[in-house]
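Participant: Below is one structure. I have some questions about it.
The values are calculated or read from the model by the stated rules, or taken from the named source; none is laboratory data. All values derive from a computational prediction rather than experimental measurement. Cβ atoms come from the backbone with ideal geometry, glycine included; neighbour counts cover every protein chain shown. What goes into the accessible areas is simple: the full protein's heavy atoms, side chains included, and nothing from ligands, DNA or RNA. Shrake-Rupley method; radii C 1.70, N 1.55, O 1.52, S 1.80 Å.
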Amino acid sequence: MTRRSKTHPGLSPRAVQHLRPRLDAVLASTDARARIGFDPVEFPHRYQDARDIEVSALLAACLAYGRADLFRPKVDSLLKRMGPTPADFVRELDVAGAKALLTGFVYRFNVGTDLAVLLLGMGQALREHGSLESLFVRGLAAEGSLHGGLSAFTTALRRLPMEPLREAMGPERGLHHLLPSPLGPGAAKRLNLFLRWMVRGPDTVDFGIWKRVPASALLIPLDTHIGRIAGHLGLTRRTDLTWRTAEEVTASLRALDAADPVRYDFALCHYGMSGACPARPLPENCERCPLLPACHVGPDVVAGATRRVPSASRLKGRAMSGRERR
């Protein structure tokens, strides 16, 4: 995707008042409990202990790319083999244990060595800092920004002796994709998704177990669904999936809810995932969409379909006129 050059002016007070009730309607109509089964957040919901939740959540978020029907079995299999307490498993994990767990593991860009770095890094973090939250907060304080804090977090997780791992399991292949370090200009969707799960809530979806990071500091987990809908609603003029675009979308959402700007993320993402707002707009979907009055695309789609398909009365009138001429 490419981006447009104009700077987004932000939502006007009038736009905020127009958009908020419509987003609230989408949020209220979303059956979050049912949709969890279509989302990688289903995996940390299996656990009660905060450390098990954050370990399983980071594993699930990091592998949540590509088709859900392909990555979900991979996450499910790993967690089952890690036993009832993923946190205890990674605390005690060593190179030999990682090799036993991950030999033969392949998922798209990633091989077993990549996953071993993630699991061993989480184990080291728990032993040294007590929680993944403490490791993240330390980096956030040192760097002073969410982007810097996330970059420090992934860098710390990757701070392991690599040669023993490579000798035991072979070279890494997609480690930077799994745990980008440094973070770079991308939207870091999966890492921001992990943060949303940990920081927001607690509610039906998000856990709210990280108490030292405010929800106001979160960034929207920007993917194709959120990017498309955000453009339709005028939340951004950018069309690329970058950190800058995520910042622009979040800034617009912050005008709607400064304390919790990403609270609409789950509902909007699943609105796109469900096919209600597909990449190619459908007139029949747009007509019944609760966001239609605030959408910059849907009204034209509906109007275009109306122009292309004459009403029954117009068709009848044309038929009668033809018979009269004959």
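Participant: Suppose we filter the stretch 188-202 for residues that are in contact (Cβ under 8 Å) with a residue 12 or more places away in the chain and either charged (D, E, K, R) or at positive phi (or both); how many remain?
Facilitator: The number of residues fulfilling the criteria is 5.
Participant: If LEU79 satisfies every condition in (1) within 26 Å of ALA187 (Cα to Cα); (2) more than 16 Å from the chain's Cα centre (by Cα) but one, which is the exception?
Facilitator: Failed condition: (1).
Participant: Working only within the stretch 63-87, note down all residues that are open to solvent by 20 Å² or more (accessible area, probe 1.4 Å), touching a helix residue (DSSP H, G or I) at 6+ places or on another chain (Cβ under 8 Å) and in a helix (DSSP H, G or I).
Facilitator: ALA68, ARG72, LYS74, ARG81
Participant: Taking only the stretch 214-232 into account, find how many residues are part of a loop (DSSP other than H, G, I, E, B) and open to solvent by 10 Å² or more (accessible area, probe 1.4 Å).
Facilitator: The qualifying residues number 3.
Participant: Restricting the search to the stretch 9-62, which residues are part of a loop (DSSP other than H, G, I, E, B), of a type outside the set (A, V, I, L, M) and crowded, with 16+ Cβ neighbours inside 10 Å?
Facilitator: Taking the stretch 9-62 as the starting set, the residues that turn out to be part of a loop (DSSP other than H, G, I, E, B) are 9-12, 30-31, 39, 43, 47-49.
Subset that is of a type outside the set (A, V, I, L, M): 9-10, 12, 30-31, 39, 43, 47-49.
THR30, ASP39, PHE43, TYR47 - these are the residues of the stretch 9-62 that are part of a loop (DSSP other than H, G, I, E, B), of a type outside the set (A, V, I, L, M) and crowded, with 16+ Cβ neighbours inside 10 Å.
Participant: From the list ALA251, ALA276, ALA258, ALA246, exactly one residue is without any contact (Cβ under 8 Å) to a residue 24 or more places away in the chain and either more than 22 Å from PRO214 (Cβ to Cβ) or hydrophobic (A, V, I, L, M, F, W, C) (or both). Which is it? Please lay out each step first, then the result.
Facilitator: On the way: ALA251 fails: without any contact (Cβ under 8 Å) to a residue 24 or more places away in the chain; ALA258 fails: without any contact (Cβ under 8 Å) to a residue 24 or more places away in the chain; ALA246 fails: without any contact (Cβ under 8 Å) to a residue 24 or more places away in the chain.
The unique qualifying residue is ALA276.
Participant: Name, by its number, the condition in (1) at pLDDT 95 or above; (2) assigned to a helix (DSSP H, G or I); (3) open to solvent by less than 60 Å² (accessible area, probe 1.4 Å) that does not hold for GLU284.
Facilitator: (3)
Participant: Being surrounded by fewer than 18 Cβ atoms within 10 Å (Cβ to Cβ), at pLDDT 95 or above and not basic (Lys, Arg) narrows it down to one of ALA251, ALA267, so name that one.
Facilitator: Working: ALA267 fails: surrounded by fewer than 18 Cβ atoms within 10 Å (Cβ to Cβ).
Result: ALA251 is the single residue among ALA251, ALA267 that is surrounded by fewer than 18 Cβ atoms within 10 Å (Cβ to Cβ), at pLDDT 95 or above and not basic (Lys, Arg).
Participant: Need pairs with beta-carbon distance below 7 Å; first residue farther than 10 Å from ALA61 by Cα and within the stretch 34-45, second at pLDDT below 95; sequence gap 6+ or separate chains.
Facilitator: PHE38/ALA68; PHE38/MET273
Participant: Among the residues of the stretch 216-250, how many are among the β-branched types (Val, Ile, Thr) and over 18 Å from HIS296 (Cβ atoms)?
Facilitator: If we filter the stretch 216-250 for residues that are among the β-branched types (Val, Ile, Thr), which is where we start, we get 220, 224, 226, 229, 236, 239, 242, 245, 249-250.
Subsequent filtering for residues that are over 18 Å from HIS296 (Cβ atoms) retains 220, 242, 250.
The total comes to 3.
Participant: What helices (runs of 4 or more DSSP H), lying completely within the stretch 123-193, carry at least 1 residues that are within 29 Å of VAL249 (Cα to Cα) and basic (Lys, Arg)?
Facilitator: Result: 132-143.
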